[in-house]
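**Student:** The following block contains the structure, expressed as structure tokens.
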2 protein chains.
Amino acid sequence: MGERVRICEVGPRDGLQMSTSIMPTDVKIEWIRALAGAGIHEIEVGSFVPPKLIPQMADTGEIVRASRAIPGLTVAALVPNLKGAQRAYEFGADLALIPVSVSEGHSCANTNKGSLEQVAEVRAIVEWVRAQERPMKVDAGCATAFGCSIEGAVPQDRVVMVAAALADAGVDNIVLADTVGYGNPAQVRSVVRAVQREVGETLDRLHLHDTMGLGIANALAGLDEGIRCFDSALAGLGGCPFAPGASGNIVTEDLVFMLESMGFDTGIDLDALIRAREILQRGLPDEHLLGNVVKAGIPRTYHRAAA
Amino acid sequence: MGERVRICEVGPRDGLQMSTSIMPTDVKIEWIRALAGAGIHEIEVGSFVPPKLIPQMADTGEIVRASRAIPGLTVAALVPNLKGAQRAYEFGADLALIPVSVSEGHSCANTNKGSLEQVAEVRAIVEWVRAQERPMKVDAGCATAFGCSIEGAVPQDRVVMVAAALADAGVDNIVLADTVGYGNPAQVRSVVRAVQREVGETLDRLHLHDTMGLGIANALAGLDEGIRCFDSALAGLGGCPFAPGASGNIVTEDLVFMLESMGFDTGIDLDALIRAREILQRGLPDEHLLGNVVKAGIPRTYHRAAA
């Protein structure tokens, strides 16, 4: 048996959020069921943000409720603030993810708050959640951890500082996010090491974008540093707000292909995963789906690590 | 100054060979000049194969002659046999590359010879070339070194055996080629290490395809093992004969972006490289050009390693 690597599918949140059309709720639920059926045990199913801002996420409450019925699935939702976290709790999410931009400029542009003000919001969320009856995990995402379209380079020391503040605020896990896809493998290795030195295993996973074509190589760099969980999106759904037409999240199918080929056990059935693309395409008929393994076909040399 | 990594552009050979239309000779020469002008010092400009088999390469003699006039450029040509090597010599190539399939099935299908019979042809070429007045390098490419569309998995021991035989035959350099793009980073590391143990620095470079989306990650794996030269093609030109529509060679622009971002000095001007795409597109108007950096735009965080 290969060592386990977890994949958190973020297509229904980070992917759909960037799409120009809105996927019908029933198709979303069918898609999430198919993803879970393929062996994905963590899915970011939506975002509790104002529907006026992101209408694609208006049905997140209903999606969370339906997803809870799927056995063995960790249902995650993005929340921008305490109010969002309360709604995630109310609808029964297993995990609330709060993004905190490491870049001060990006943080202010997106939340009207500086990075450390947003960490204070995270602390308030953790305290509120811990006071409730039912447990809900609280994870924080360090957005723009590898570069920012507003500020440019983001100093590694600042990533470490924000991660340390988030760990101190009591989050369960930290995600380092290459929000705009500027990162390179040397940088991923260096930043991951530095954050691990500061917060240890609280650094749980990487959220990588393929904007510059380095997404899978950056995942490999993280893997080399001991990271065993990655966000990705089926068909590479998503994009980059500053670069229309650019690639989005790393492609789940290609990532699974790499990991299983390398002997890591993802628990995911690649054929079933590829079949789930049909539902995605039906829900977003105009979307151009990405992914190399699908274009080329699974080669005869492929064997699942767990088999 | 960053450590030097060499890039050998194979678009004019491996890329054009797979295209459905034929690039006019004058555009080819203009394209090769632009690639050299962007700082690429090694270009595989064509292939001395029968024009009946690969009409795209019919003008290779003329292309080699014109490329020789470009200062500082190593002009490489693929040759399938001694006759091809003699033509490469006659037209003034600096380097002849002979492919030898590690997979016996692939070798027989492509050359009507087994792998070791083809190594014997390489030995004859080395002997003939060494007896000439002018020096010409003789490199050998271990094709299907990471998997084969005919035989499936290719045992690592067999790659080592063929590489050892090629080193013994006296070639200047060995290239390990993931001809069909089945390789994964763990395999690249393992095979590179094993071949290095056997032939040392005679293992010069990797030729990687992005069929499954792992091309750049596989380059990173090679880089980690000390490989400092990579084949790639502008706009990811090329393809995979067994998978119509699949991605071709790794994209030169994206590879340069990764290497320079990591602090390696390629000597290549990324802007000038991207401008060379216009000539390529003019020469092949129907070709769909790949490349993430071009789609997203070079980010403001990018600085050349050598600068």
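**Student:** Within the set of pairs 6+ apart or on separate chains, which have a first residue in the stretch A:132-149 that is within 13 Å of chain B (Cβ to nearest Cβ), a second that is surrounded by fewer than 19 Cβ atoms within 10 Å (Cβ to Cβ), and C-beta atoms under 7 Å apart?
**Tutor:** That search, which allows pairs on different chains as well, returns A:Gly147/A:Ala153; A:Cys148/A:Gly105; A:Ser149/A:Phe242.
**Student:** Can you say whether B:Pro80 is under 15 Å from the mean Cα position of the chain (by Cα), free of Cβ contacts under 8 Å to residues at least 60 places away in the same chain, open to solvent by less than 10 Å² (accessible area, probe 1.4 Å) and closer than 23 Å to B:Thr179 by Cα, as far as the supplied structure shows? So that I can check it myself, show each step before the final result.
**Tutor:** Details: under 15 Å from the mean Cα position of the chain (by Cα): yes; free of Cβ contacts under 8 Å to residues at least 60 places away in the same chain: yes; open to solvent by less than 10 Å² (accessible area, probe 1.4 Å): no; closer than 23 Å to B:Thr179 by Cα: yes.
It is false that B:Pro80 is under 15 Å from the mean Cα position of the chain (by Cα), free of Cβ contacts under 8 Å to residues at least 60 places away in the same chain, open to solvent by less than 10 Å² (accessible area, probe 1.4 Å) and closer than 23 Å to B:Thr179 by Cα.
**Student:** Do we find that A:Ile216 is in contact with a helix residue (DSSP H, G or I) (Cβ under 6 Å, 6 or more places away or on another chain), part of a loop (DSSP other than H, G, I, E, B) and either at pLDDT 95 or above or among the hydroxyl-bearing types (Ser, Thr, Tyr) (or both) in this structure?
**Tutor:** Working: in contact with a helix residue (DSSP H, G or I) (Cβ under 6 Å, 6 or more places away or on another chain): yes; part of a loop (DSSP other than H, G, I, E, B): no; either at pLDDT 95 or above or among the hydroxyl-bearing types (Ser, Thr, Tyr) (or both): yes.
Considered against the rule, which asks whether it is in contact with a helix residue (DSSP H, G or I) (Cβ under 6 Å, 6 or more places away or on another chain), part of a loop (DSSP other than H, G, I, E, B) and either at pLDDT 95 or above or among the hydroxyl-bearing types (Ser, Thr, Tyr) (or both), A:Ile216 comes out as no.
**Student:** Answer yes or no as to whether A:Leu176 is surrounded by 24 or more Cβ atoms within 10 Å (Cβ to Cβ), in a strand (DSSP E or B), at pLDDT 95 or above and in contact with a strand residue (DSSP E or B) (Cβ under 9 Å, 6 or more places away or on another chain). Working first, answer last.
**Tutor:** Details: surrounded by 24 or more Cβ atoms within 10 Å (Cβ to Cβ): yes; in a strand (DSSP E or B): yes; at pLDDT 95 or above: yes; in contact with a strand residue (DSSP E or B) (Cβ under 9 Å, 6 or more places away or on another chain): yes.
It is true that A:Leu176 is surrounded by 24 or more Cβ atoms within 10 Å (Cβ to Cβ), in a strand (DSSP E or B), at pLDDT 95 or above and in contact with a strand residue (DSSP E or B) (Cβ under 9 Å, 6 or more places away or on another chain).
**Student:** Only one of A:Asp265, A:Asp286, A:Asp271, A:Asp254 is within 10 Å of another protein chain (Cβ to nearest Cβ), among the charged types (D, E, K, R) and either surrounded by fewer than 18 Cβ atoms within 10 Å (Cβ to Cβ) or closer than 30 Å to A:Cys148 by Cα (or both). Can you tell me which? Break it down stepwise before answering.
**Tutor:** On the way: A:Asp265 fails: within 10 Å of another protein chain (Cβ to nearest Cβ); A:Asp286 fails: within 10 Å of another protein chain (Cβ to nearest Cβ); A:Asp271 fails: within 10 Å of another protein chain (Cβ to nearest Cβ).
Going through A:Asp265, A:Asp286, A:Asp271, A:Asp254 in turn, the sole match is A:Asp254.
**Student:** Of all residues in the stretch B:1-35 being aliphatic (A, V, I, L, M) and closer than 20 Å to B:Asp210 by Cα, which is nearest to the chain's Cα centre (by Cα)?
**Tutor:** Keep residues of the stretch B:1-35 that are aliphatic (A, V, I, L, M), which gives B:1, B:5, B:7, B:10, B:16, B:18, B:22-23, B:27, B:29, B:32, B:34-35.
Subsequent filtering for residues that are closer than 20 Å to B:Asp210 by Cα retains B:5, B:7, B:10, B:16, B:18.
Values: B:Val5: 15, B:Ile7: 9, B:Val10: 5, B:Leu16: 12, B:Met18: 14 Å.
It comes out as B:Val10.
**Student:** Going by the structure shown, is A:Gly245 surrounded by 24 or more Cβ atoms within 10 Å (Cβ to Cβ), small (Gly, Ala, Ser) and within 13 Å of chain B (Cβ to nearest Cβ)? Steps first, please.
**Tutor:** Values: surrounded by 24 or more Cβ atoms within 10 Å (Cβ to Cβ): no; small (Gly, Ala, Ser): yes; within 13 Å of chain B (Cβ to nearest Cβ): yes.
For A:Gly245, the condition - surrounded by 24 or more Cβ atoms within 10 Å (Cβ to Cβ), small (Gly, Ala, Ser) and within 13 Å of chain B (Cβ to nearest Cβ) - is not met.
**Student:** Which residues, taken from the stretch A:83-131, are part of a loop (DSSP other than H, G, I, E, B), at negative phi and surrounded by fewer than 21 Cβ atoms within 10 Å (Cβ to Cβ)? Before the answer, list the steps.
**Tutor:** Here is the first cut: in the stretch A:83-131, the ones part of a loop (DSSP other than H, G, I, E, B) are A:92-94, A:102-103, A:112-114, A:131.
Subsequent filtering for residues that are at negative phi retains A:93-94, A:102-103, A:113-114, A:131.
Across the stretch A:83-131, the qualifying residues are A:Asp94, A:Lys113, A:Gly114, A:Ala131.
**Student:** Further, regarding this structure: Hey, could you check the stretch A:150-160 for residues that are more than 18 Å from A:Cys240 (Cα to Cα) and surrounded by fewer than 16 Cβ atoms within 10 Å (Cβ to Cβ) and say which is nearest to the other protein chains (Cβ to nearest Cβ)?
**Tutor:** Kept after step one, since they are more than 18 Å from A:Cys240 (Cα to Cα), are these residues of the stretch A:150-160: A:155-160.
Cutting the leftovers down to surrounded by fewer than 16 Cβ atoms within 10 Å (Cβ to Cβ) gives us A:155, A:157.
Working: A:Pro155: 12, A:Asp157: 16 Å.
If we take residues in the stretch A:150-160 being more than 18 Å from A:Cys240 (Cα to Cα) and surrounded by fewer than 16 Cβ atoms within 10 Å (Cβ to Cβ), then A:Pro155 is nearest to the other protein chains (Cβ to nearest Cβ).
**Student:** Restricting to the stretch A:260-307, name every residue that is of a type in the set (S, T, N, Q) and in contact with a strand residue (DSSP E or B) (Cβ under 9 Å, 6 or more places away or on another chain).
**Tutor:** Selection gives A:Thr266, A:Asn292, A:Thr301.
**Student:** Any chance you could count how many residues in the stretch A:179-198 are more than 12 Å from every other protein chain (Cβ to nearest Cβ) and either out of contact with any strand residue (DSSP E or B) (no Cβ under 9 Å at 6 or more places or on another chain) or of a type in the set (Phe, Trp, Tyr) (or both)?
**Tutor:** Result for the stretch A:179-198: 4.
**Student:** Ok, one more. Residues in the stretch B:204-234 that are buried (at least 24 other Cβ atoms within 10 Å of the Cβ) and within 14 Å of the chain's Cα centre (by Cα): how many?
**Tutor:** So the count comes out to 12.
**Student:** Determine whether the stretch A:162-170 contains at least one residue that is of a type in the set (A, V, I, L, M, F, W, C), open to solvent by 10 Å² or more (accessible area, probe 1.4 Å) and over 18 Å from A:Glu117 (Cα atoms).
**Tutor:** No, the stretch A:162-170 contains no residue that is of a type in the set (A, V, I, L, M, F, W, C), open to solvent by 10 Å² or more (accessible area, probe 1.4 Å) and over 18 Å from A:Glu117 (Cα atoms).
**Student:** Let me confirm something: among B:Leu270, B:Leu280, which residue is within 18 Å of B:Ser21 (Cβ to Cβ), in contact with a helix residue (DSSP H, G or I) (Cβ under 8 Å, 6 or more places away or on another chain) and not polar (S, T, N, Q)? Steps first, answer last, please.
**Tutor:** Working: B:Leu270 fails: within 18 Å of B:Ser21 (Cβ to Cβ).
None of the other options fit; the residue is B:Leu280.
**Student:** Could we say that A:Ile70 is at pLDDT 95 or above, over 25 Å from A:Pro244 (Cα atoms), part of a loop (DSSP other than H, G, I, E, B) and open to solvent by 10 Å² or more (accessible area, probe 1.4 Å) here?
**Tutor:** So A:Ile70 passes the test.
**Student:** Go through the stretch A:231-280 and report how many residues are in a loop (DSSP other than H, G, I, E, B), of a type in the set (D, E, K, R) and within 14 Å of B:Ala217 (Cβ to Cβ). Working first, answer last.
**Tutor:** Filtering the stretch A:231-280 down to residues in a loop (DSSP other than H, G, I, E, B) leaves A:237-248, A:250, A:262-264, A:266-269.
From what is left, the residues that are of a type in the set (D, E, K, R) are A:269.
Now restrict to residues that are within 14 Å of B:Ala217 (Cβ to Cβ): none.
Of the residues in that region, 0 qualify.
**Student:** Given the conditions (1) crowded, with 18+ Cβ neighbours inside 10 Å; (2) assigned to a loop (DSSP other than H, G, I, E, B); (3) within 13 Å of chain B (Cβ to nearest Cβ), report the number of the one that A:Ile298 does not fulfil.
**Tutor:** A:Ile298 satisfies every listed condition except (1).
**Student:** A further question follows. Would you check if B:Ile63 is over 20 Å from B:Ile174 (Cα atoms), in a helix (DSSP H, G or I) and in contact with a Lys or Arg (Cβ under 8 Å, 6 or more places away or on another chain)? Spell out how you get there, then give the answer.
**Tutor:** Numbers: over 20 Å from B:Ile174 (Cα atoms): yes; in a helix (DSSP H, G or I): yes; in contact with a Lys or Arg (Cβ under 8 Å, 6 or more places away or on another chain): yes.
When the stated conditions are applied, B:Ile63 passes them.
**Student:** Sticking with this structure for a sec: Could you please find all residues in the stretch A:1-23 being open to solvent by 60 Å² or more (accessible area, probe 1.4 Å) and in a loop (DSSP other than H, G, I, E, B)?
**Tutor:** Taking the stretch A:1-23 as the starting set, the residues that turn out to be open to solvent by 60 Å² or more (accessible area, probe 1.4 Å) are A:1, A:3-4, A:6, A:18, A:20, A:22.
Selection gives A:Met1, A:Glu3, A:Thr20, A:Ile22.
**Student:** Checking B:Asp26 against (1) outside any loop (DSSP other than H, G, I, E, B); (2) in contact with a Phe, Trp or Tyr (Cβ under 9 Å, 6 or more places away or on another chain): exactly one of these is not met. Which one?
**Tutor:** Failed condition: (2).
The values are calculated or read from the model by the stated rules, or taken from the named source; none is laboratory data. Values in this document were obtained by computation on a predicted structure and should not be read as measured data. Backbone-built Cβ (ideal geometry, glycine too); neighbour counts: all protein chains shown. Ligands, DNA and RNA are stripped out before the accessible areas are found, and what is left, the full protein with its side chains, is counted by its heavy atoms. Shrake-Rupley method; radii C 1.70, N 1.55, O 1.52, S 1.80 Å.
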